[in-house]
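Right, one structure below, let's go through it.
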Amino acid sequence: MKVLVVGGGGREHALAWKLAQSPRVSRVYVAPGNGGTALDHRFECIDITQVVALREWAVTNGISLTVVGPEGPLAAGLVDEFRTHGLRVFGPTRAAARLESSKAFSKAFMKRHGIPTAEYETFTDPVAAHAYVQQKGAPIVVKADGLAAGKGVVVAMTVPEAHAAIDAMLGAATPATHAASDAKDTAPRVVIEEFLHGEEASFIVLCDGKNVTALASSQDHKRLLDGDQGPNTGGMGAYSPAPVVTADVHARAMREIILPTLKGMEKEGIAYTGFLYAGLMIDAGGRPKTLEFNCRLGDPETQPILLRLKSDLFGVLWAATEPGLHGRLDQVDLQWDRRTALGVVLAAHGYPASPRTGDVIAGLPAEADDCVVFHAATALRDRALRTTGGRVLCVTALADNVRLAQQRAYEAVRGISFDGMQYRRDIGHRAVK
Ligand code: AMP
Ligand code: GLY
């Protein structure tokens, strides 16, 4: 069967790599893909990104299953469009994707359904927002509403930082600018929330509208520099499993967060299908709270997670998309490699503020059983592999424990080079401790 993966990052390279291993898959197409998927004879890149054009292409080319990587096409209604035309696709509808695309929606949803998350208020009026910060003090977190690719969140350690974030997100406008009209729905909005203490983990599940299956736990490293310093990024590295997600934390996350979310969505008439990613903050007592929902797999978490997945991913997603009221994930039992997988992101010069492009990449190792380099912002140009954006590669290795996986990944990193290459030297540090 022919499979289409939508997206062009490291997550999509990993999805394509895993799907291609299925004996039931004859061809994997990636739209638009990247230099890594272009170089590999197992995949074919399709240069289409627009939703309707992609659906037409999928119909014409007899695609049996489509898997969507990034949030953009989900929020643009790709799943709705494909389903309307009878195509089998794994992902949430546009309405369900609001769990990620609108912070205001997801926070209000969690409140309605008693799902643990930080206390918060939503504002369109900058004056009220400033007053709220003044009253609450710091640390405090200011989030822009809408998809912001991880850049719309300011964790303000001081009150002036919080005020500056409000000005940047709402503009230093007077309340009259927004208040006068019924344009409230389109006015810029911020969510201001309580700062949560603890350790973060990524908890990702598959949903078929009724049944749910958890993927292995993982942990990302959001800051640019070693020791969790520097600016927030899309993620500088990840590993799986995350020891902070003990059996007890796992059970609580399912019982207190995932199941009430799926039930709540069903009750509101927006049955959830696809990957659901809960960013958790786990406090010292092992109590998980929801930092955010993403309606997709994490990047770079996907790379180590899929390196550990032993089950046939195509079979799993085929069951999840079985036609009918809901899929057959209840018949799926995921098998995991017991080893630890760890991925190190190699980022471009200037990332995250203004990544430079066009640098030539050298020294990529051949794929091995215990080490795979997944591409993200790369392209083949003039016969050379070049950088095209911020996160360039994710070097992912598998070994008996986190320390050995770290060693194996960094050993491969040492052979790779491009001008201005930056990466963290401490991926996995919490688990090593
Ligand atoms: P988000 O996009 O909402 O996950 O936020 C990005 C990052 O900001 C998270 O991964 C956390 O590291 C941090 N963050 C977000 N919300 C909070 C919070 N309420 N308390 C502490 N840190 C937070
Ligand atoms: N790694 C975090 C994310 O994918 O949003």
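The values are calculated or read from the model by the stated rules, or taken from the named source; none is laboratory data. As the structure is a prediction and not an experimental result, all values here were calculated from the model. Please note: Cβ atoms are built from the backbone with ideal geometry, for glycine as well, and neighbour counts cover all protein chains shown. To get the accessible areas, we keep the full protein, side chains included, count just its heavy atoms, and leave off ligands, DNA and RNA. Shrake-Rupley method; radii C 1.70, N 1.55, O 1.52, S 1.80 Å.
Looking at (1) of a type in the set (Val, Ile, Thr); (2) within 11 Å of ligand 2 (Cβ to nearest atom); (3) more than 25 Å from residue 76 (Cβ to Cβ), which one does residue 249 not meet, given that it meets all the others?
(2)
Would you call residue 95 more than 24 Å from residue 276 (Cβ to Cβ), more than 16 Å from ligand 2 (Cβ to nearest atom) and among the small types (Gly, Ala, Ser)?
Answer is no for this residue.
Residue under question is residue 106, and the condition is that it be within 16 Å of ligand 2 (Cβ to nearest atom), closer than 23 Å to residue 195 by Cβ and open to solvent by 10 Å² or more (accessible area, probe 1.4 Å); does it hold?
no
Which members of segment 225-239 meet the condition of being within 13 Å of ligand 1 (Cβ to nearest atom) and in contact with a Gly (Cβ under 8 Å, 6 or more places away or on another chain)?
Those that are within 13 Å of ligand 1 (Cβ to nearest atom) and in contact with a Gly (Cβ under 8 Å, 6 or more places away or on another chain): 232, 233, 234, 235, 238.
Pairs under 9 Å by beta carbon, first residue assigned to a strand (DSSP E or B) and within 13 Å of ligand 2 (Cβ to nearest atom) in segment 217-230, partner open to solvent by less than 20 Å² (accessible area, probe 1.4 Å) and among the polar types (S, T, N, Q), six or more apart or different chains?
218/202; 218/240; 218/302; 219/202; 219/240; 220/202; 223/233
Within 16 Å of ligand 1 (Cβ to nearest atom) and either open to solvent by 30 Å² or more (accessible area, probe 1.4 Å) or not in a helix (DSSP H, G or I) (or both): does that describe residue 271?
Considered against the rule, which asks whether it is within 16 Å of ligand 1 (Cβ to nearest atom) and either open to solvent by 30 Å² or more (accessible area, probe 1.4 Å) or not in a helix (DSSP H, G or I) (or both), residue 271 comes out as no.
Determine whether segment 183-199 contains at least one residue that is within 30 Å of residue 327 (Cα to Cα), open to solvent by less than 20 Å² (accessible area, probe 1.4 Å) and under 22 Å from the mean Cα position of the chain (by Cα).
no
Between residues in segment 297-317 that are without any contact (Cβ under 8 Å) to a residue 24 or more places away in the chain and residues that are within 16 Å of ligand 1 (Cβ to nearest atom), which pairs lie under 8 Å by C-beta distance while being six or more apart or on different chains?
As it stands, the answer is none, since no pair meets every condition given.
Go through (1) in contact with an Asp or Glu (Cβ under 6 Å, 6 or more places away or on another chain); (2) more than 20 Å from residue 154 (Cβ to Cβ) one by one and return the number of the condition residue 53 breaks.
(1)
Going by what's in this entry, would residue 396 be described as within 13 Å of residue 361 (Cα to Cα) and either open to solvent by less than 10 Å² (accessible area, probe 1.4 Å) or within 20 Å of the chain's Cα centre (by Cα) (or both)?
When the stated conditions are applied, residue 396 does not pass them.
Suppose the filter is in contact with a strand residue (DSSP E or B) (Cβ under 7 Å, 6 or more places away or on another chain), more than 15 Å from residue 36 (Cβ to Cβ), crowded, with 17+ Cβ neighbours inside 10 Å and among the polar types (S, T, N, Q); does residue 378 pass it?
Details: in contact with a strand residue (DSSP E or B) (Cβ under 7 Å, 6 or more places away or on another chain): yes; more than 15 Å from residue 36 (Cβ to Cβ): no; crowded, with 17+ Cβ neighbours inside 10 Å: yes; among the polar types (S, T, N, Q): yes.
Considered against the rule, which asks whether it is in contact with a strand residue (DSSP E or B) (Cβ under 7 Å, 6 or more places away or on another chain), more than 15 Å from residue 36 (Cβ to Cβ), crowded, with 17+ Cβ neighbours inside 10 Å and among the polar types (S, T, N, Q), residue 378 comes out as no.
Within segment 73-96, how many residues turn out to be of a type outside the set (Lys, Arg) and touching a strand residue (DSSP E or B) at 6+ places or on another chain (Cβ under 8 Å)?
Initial filter on segment 73-96 (of a type outside the set (Lys, Arg)): 73-82, 84-87, 89-93, 95-96.
Narrowing further to those that are touching a strand residue (DSSP E or B) at 6+ places or on another chain (Cβ under 8 Å): 73-74, 78-79, 82, 87, 89-93, 96.
Result for segment 73-96: 12.
Go through segment 200-224 residue by residue and tally those that are within 16 Å of residue 298 (Cβ to Cβ), of a type outside the set (Ser, Thr, Tyr), more than 14 Å from ligand 1 (Cβ to nearest atom) and open to solvent by 10 Å² or more (accessible area, probe 1.4 Å). Spell out how you get there, then give the answer.
We begin by selecting, within segment 200-224, every residue within 16 Å of residue 298 (Cβ to Cβ); these are 200-207, 214-223.
Filter again for of a type outside the set (Ser, Thr, Tyr), leaving 200-201, 203-207, 214-216, 219-223.
Add one more test, that the residue is more than 14 Å from ligand 1 (Cβ to nearest atom), and what stays is 205-207, 214-216.
Now narrow it down to the ones that are open to solvent by 10 Å² or more (accessible area, probe 1.4 Å): 214-216.
Number of matching residues: 3.
Is it fair to say residue 37 is more than 16 Å from ligand 2 (Cβ to nearest atom), open to solvent by less than 20 Å² (accessible area, probe 1.4 Å), more than 13 Å from residue 63 (Cα to Cα) and of a type in the set (Val, Ile, Thr)?
Here the answer is yes, as residue 37 does meet what is asked.
Residues that are among the hydrophobic types (A, V, I, L, M, F, W, C): list the strands (runs of 3 or more DSSP E) wholly contained in segment 43-136 that include at least 3 such residues.
Answer list for segment 43-136: 65-68.
Could you list, in sequence order, all residues of segment 286-329 that are modelled with pLDDT under 95 and away from ligand 1 (no atom under 16 Å from the Cβ)?
The answer is 323, 324, 325, 326, 327.
Given 280, 276, which one is modelled with pLDDT of 95 or more, among the aliphatic types (A, V, I, L, M) and more than 30 Å from residue 82 (Cβ to Cβ)?
280
Do you know which residues across segment 17-40 are in contact with a helix residue (DSSP H, G or I) (Cβ under 6 Å, 6 or more places away or on another chain) and outside any strand (DSSP E or B)?
Those that are in contact with a helix residue (DSSP H, G or I) (Cβ under 6 Å, 6 or more places away or on another chain) and outside any strand (DSSP E or B): 18, 19, 22, 24, 25, 36, 37.
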